[in-house]
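Trainee: Handing you this structure, nothing more for now.
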Amino acid sequence: MSTNTETEAFYREVDEKHLVPLWNITQDALPAEPRTPVKPHLWRWADLRRLAHRAGDLVPIERGGERRVLGLVNPGLGGKHAATRTLWAAVQIVKPGEIAPCHRHSPSAIRFIIEGDRTYTNLNGDKCVMSRGDLVLTPSWDWHDHGCESDEPMIWMDGLDLPLVGDLDATFFEMYPDHRFPITDVNESERKFGVTHLRPTWEKPPEDRSPLLNFKWEPTYDALQRIGEGPASPHDDVCFEYLNPNTGGPVLTTMSCTIQRVRPGVRTQAHRQVQSSVYLAFSGSGYSVIDGQRFDWEEGDFFVVPPWAWHEHANPTDGEAILFAIHDTPVMKALGLYREESYTEGDGHQEIRETFEP
Ligand code: GTQ
Ligand code: FE2
């Protein structure tokens, strides 16, 4: 028996016995730095909005699997139903008079309201009334139904950790026995915990999650404006993270949220982070350069920044440009995996090699 045949037999047996020789896969198992199949990508609001309304015309909420939601599918993930490996992002539409029935699940969610008013998410009986620009949390395992009491549909961005929790085989889901959870109060979390430097002394806030569930637009917008012309982040300009007022940490255990104003004429310097993000261009227009590719965005567009991708944001207009984003950063930080790096070549801006065409 030649050595060659012996070696071949060895590899065959290793494979048959469900084993793998690390020396053949070291490049894959241990790349020098994160290598991701996740692609930067942009979804146009004109398409998202039109198709959401089309779904509203064609698909009743019961047949839409209880939620009329169109999820972003990252073109780099081979058809996996996810915007990044960890994040699900989507548009959801609820029409006048509809109630998306009550359920709960171990994945956590956020809603960021794009269009509409007089629509609510009922969280364990607290009817959180939503308007444009509000950030509403649905922490893990909270009962929730959504209802539209307006004469116009509401459309919002959903952000969930579905792909992460799914890959961890940690997904639980349960329907509530009734269509909706009995409403016990209106805007309760907001009235008790909405002024975040004041805590009600007569009650113990929940320890396992943010006591505040609706982060209203008005104070958020005000904070963005207050900075005026003052210095801010070289990478993100005026950028705030939403906080759990109890812990000062991220709003959810798996996801953080930011709101950012790129002031007129600003082009930020590039950086990269061990995290993935989905952005919503909430208002105004501008562009982001992601790994050398220019993504022009307008109001309502969604785009993905993959892990460890160089990215910078610009507002070449003389108007307002506001970006909302969700990130999986809390996961990376909890596991001790978070890193970030600034782009130090030249003036800190990437060379634009191509422009994205959707
Ligand atoms: O609104 O409850 O986009 O359960 C995905 C799963 C929305 C929701 C999504 C959900 C919901
Ligand atoms: Fe849900």
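Trainee: Within the range 1-18, can you find the residues that are under 44 Å from the mean Cα position of the chain (by Cα) and exposed (fewer than 10 other Cβ atoms within 10 Å of the Cβ)?
Mentor: Scanning the range 1-18 gives GLU16, LYS17, HIS18.
Trainee: What residue, of LEU168, LEU212, LEU198, is away from ligand 1 (no atom under 16 Å from the Cβ), without any contact (Cβ under 8 Å) to a residue 24 or more places away in the chain and under 20 Å from the mean Cα position of the chain (by Cα)?
Mentor: One residue alone meets the criteria, LEU168.
Trainee: Taking the range 57-86 on its own, how many of its residues are small (Gly, Ala, Ser), on the phi < 0 side of the Ramachandran plot and within 15 Å of ligand 1 (Cβ to nearest atom)?
Mentor: Residues flagged as small (Gly, Ala, Ser), on the phi < 0 side of the Ramachandran plot and within 15 Å of ligand 1 (Cβ to nearest atom) within the range 57-86 amount to 4.
Trainee: Could you check the range 224-251 and list, in sequence order, the residues that are among the hydrophobic types (A, V, I, L, M, F, W, C) and open to solvent by less than 30 Å² (accessible area, probe 1.4 Å)?
Mentor: LEU224, VAL238, VAL251
Trainee: Checking the structure you have, find out if any residue of the range 135-148 is more than 16 Å from ligand 1 (Cβ to nearest atom) and under 24 Å from MET255 (Cα atoms).
Mentor: Within the range 135-148, none of the residues are more than 16 Å from ligand 1 (Cβ to nearest atom) and under 24 Å from MET255 (Cα atoms).
Trainee: Sticking with this structure for a sec: Among GLU174, GLU152, GLU203, which is the only one that is within 23 Å of ALA100 (Cα to Cα), open to solvent by 10 Å² or more (accessible area, probe 1.4 Å) and free of Cβ contacts under 8 Å to residues at least 60 places away in the same chain?
Mentor: Going through GLU174, GLU152, GLU203 in turn, the sole match is GLU152.
Trainee: Restricting the first residue to the range 89-117 and requiring it to be among the aromatic types (Phe, Trp, Tyr), which pairs with a second residue that is open to solvent by less than 10 Å² (accessible area, probe 1.4 Å) and within 13 Å of ligand 2 (Cβ to nearest atom) meet a Cβ separation below 9 Å and a spacing of at least six or different chains?
Mentor: Close Cβ pairs satisfying both conditions: PHE112/VAL136; PHE112/TRP156; PHE112/ASP158; PHE112/GLY159.
Trainee: A further question follows. State yes or no: is MET157 in contact (Cβ under 8 Å) with a residue 60 or more places away in the chain, hydrophobic (A, V, I, L, M, F, W, C), within 11 Å of ligand 1 (Cβ to nearest atom) and buried (at least 21 other Cβ atoms within 10 Å of the Cβ)?
Mentor: Yes; evaluated as a whole, the condition is true for this residue.
Trainee: Please tell me if GLY300 is farther than 20 Å from THR253 by Cα and buried (at least 18 other Cβ atoms within 10 Å of the Cβ).
Mentor: In short, yes.
The values are calculated or read from the model by the stated rules, or taken from the named source; none is laboratory data. From a predicted model like this one, the values you see are computed outputs, not experimental measurements. Reconstructed Cβ throughout: ideal geometry from the backbone, glycine too, with neighbour counts over all protein chains shown. Keep in mind that these areas ignore ligands, DNA and RNA; they rest on the heavy atoms of the full protein, side chains included. Shrake-Rupley method; radii C 1.70, N 1.55, O 1.52, S 1.80 Å.
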